[in-house]
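This report concerns only the one structure given below.
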Amino acid sequence: MKALKYMALGLLTVAGLNSCSSDYLETESRETLSATAAAEAAGHNPDAFLNGMWSHFVDMYNSQHDAFNYMATMLACDLMSEDIALGAAHHFQWDYQMDNRMATYRRVNVAWGTFYTAISKANEVIELYPGTELNNEQKALLGQAKAVRGMSYYYLIQIFRNPINADGSLKLSDSDKGLPIMMTATEVPDAEQRTKLKGANTIKAVLDQADSDLSEAVKLLEESGYERPSKNNIDASVANGLLARFCLLTQQWERAEIAAKKAYKGYPLMDKAGLHDGFYDLKNEEWMWGFDHSTETSTVYASFFSHISNLCPGYAGLGYSPKLIDARLYSQIPDDDYRKGLFNGPDGDKTQKTAAAQLPYANVKFGDDGNWTMDYMYMRAAEMYLIEAEALVRQGKNTEAATALKPLMAKRQPSWNKTSVTLADVLLQRRIELWGEGFAFFDLKRNNKGIDRTYSGNNHLAGELNQLKVEAQDVRWTYQIPQTEMQENDQLTSADQNP
């Protein structure tokens, strides 16, 4: 059975889009516009050049129902943690078993293609503006492109490499293999140098590029005073949020604190009613960035809500693969915390509308709008409060961290009155608050932690393939580089592949 899985996924890789080939690492040529004309057109209508980028994040890969690019990658990573338990095995089961990382597998191709295509699209925009004399519209466009490119490197280096040492410190050694860095001719005029950058580089080089891109994005978007037409787009607040995430990974605690505070400014935290609204409406006042789905963009069964929502008539809601909260994590949520109501208890809830949503520990956090146009949420203010609190704890400012966390907790558990918090306190709040939103894997990896689904009373699927105990630094935490990329990118050698 397992051999059939490998063969099927390998054939899909060959027959499908070359999302991991070197073609994805090239910017497409603009056949109808000169650089000058394109730059002028973009300055007048930045959204025309950005819509393709936002659409790419929600596209399907090769018509596969578990391959809807960005949110599929986030869900696959989440399922490699211990916070989500499957109610049955179906799509994403191999991610859950931490057995979907090999070079010929579809999941690897989707993750690689998602972010390197985003980099390619960002480079198309960046290439338009080689100079420094930019108007505000051009700064806004360039800033968003830099934000997407920096974010993409941030995710790629965590999924395809392990930037954390066994002692928990960040790997910055020149000897640690990184990933290809794709730059434009306007940024790196020397063609030979650009070609060399398509090799493995180092982890430090990739992180440095992400830092440069995200920092420049913040600068440009702040300077431009950009007011975005919708939350599909990236403004200065979102760019600061992406920078804050990056600074957590790279252990730049003061920078993370500052960026997070700038990011959440002006965003009210949702109340109890908002917390239980189904997490599918971009209009939610706490949401900072996402994708506003319509009937034209909806991918129905091949969508995040199809797989995460037990209330939606998709793969989860129809019972093929219900998504549950880990029993041990659920037990750590206080009874008076409003977020406990986003999940059933051990007895289930027979009042819910689907059999999947009635199960013990079933999540009812993600809802259903009835027409498959549920919006995707990429960032919200609560995360920024948690980043600020963690950054303060890491600086030894435990009392200040409690103060920073208080506004969020007042909206989640009004009885919460801690005057000092530990790192464990903050990380637990992250697990509760951000459950199912694509953070569990990245938090485990950057904190050098493993998983243990083998504890007594666990609610994970039975069998040794699901009841895992995986230590930090295990090879299963890191995807291999796609085989087609290894074959077609002559700057990569077999020594650059992950074990």
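Rule-based calculations on the coordinates, nothing more; no lab input. Keep in mind that this is a model prediction, so the values were computed, not measured. Cβ sites come from the backbone with ideal geometry, for glycine too, and all protein chains shown count toward neighbours.
Do any trypsin sites (Lys or Arg not before Pro) in region 315-397 lie in a DSSP loop with no more than 14 other beta carbon atoms within 10 Å, and if so, which?
Here the sparse-neighbourhood loop sites are Lys350, Lys353.
Take every Cα pair under 8 Å in region 297-391 that's 6+ residues apart, average their separations, divide by the length, and report that relative contact order as a whole percent.
That works out to 28 percent.
With N set to the number of residues, divide the alpha-carbon radius of gyration of region 317-453 by 2.2 N^0.38 Å and report two decimals.
So the Cα radius of gyration is 1.14 times the expected 2.2 N^0.38 Å.
Is the shape of region 121-256 rounded, prolate or oblate, going by the alpha carbon gyration tensor and its root eigenvalues a ≥ b ≥ c, with a/c under 1.5 for rounded and a/b larger than b/c for prolate?
Taking the square roots of the gyration eigenvalues as a ≥ b ≥ c, region 121-256 is oblate.
Using amide H atoms built in the peptide plane, which far-off residues or other-chain residues are under 5 Å from Ile481 H to H?
Answer set, sorted by chain and number: Asn498.
With an 8 Å cut-off on Cα pairs and a minimum separation of 6 or more residues, tell me the relative contact order of the chain in percent.
Relative contact order of the chain: 20 percent.
Send over the Kirkwood Rh of region 363-404, from the inverse of the averaged 1/r over different Cα pairs, rounded to one decimal Å.
Across region 363-404, the inverse of the average 1/r is 12.7 Å.
What is the set of long-range amide H partners of Lys171 at a cut-off below 5 Å, with H atoms built 1.01 Å from backbone N?
Ile164, Asn165
Rounded to the nearest 500, what is the 222 nm mean residue ellipticity of the chain from helices alone, with -39500 (n - 2.57) per DSSP H run of 4+ residues and division by all residues?
Calculated at 222 nm, the ellipticity per residue is -13500 deg cm²/dmol.
Charges on Cβ only, +1 for Lys and Arg, -1 for Asp and Glu, centred on the Cα centroid of the chain; of Gly278, Pro414, Met182, which one is farthest towards the dipole's positive end?
Pro414
Can you give the FRET efficiency to the nearest 0.05 for Met60 and Thr419, using r as the Cβ-Cβ distance and R₀ = 51 Å?
Computed FRET efficiency for Met60 and Thr419 comes out at 0.55.
Can you tell me the mean projection area, over all orientations, of the convex hull of the chain's alpha carbons? Units nm², please.
Dividing the Cα hull surface by four gives the mean projection, 22.3 nm².
Would region 216-303 count as rounded, prolate or oblate if I go by the C-alpha gyration tensor, calling it rounded below 1.5 in a/c and otherwise prolate when a/b exceeds b/c, oblate otherwise?
Since a/c reaches 1.5 and a/b is larger than b/c, the shape of region 216-303 is classed as prolate.
Once you've got the Cα coordinates, tell me which of Lys323/Lys353; Lys265/Lys406; Lys340/Lys449; Lys365/Lys411; Lys219/Lys262; Lys177/Lys204 are over 18 Å apart.
Lys340/Lys449
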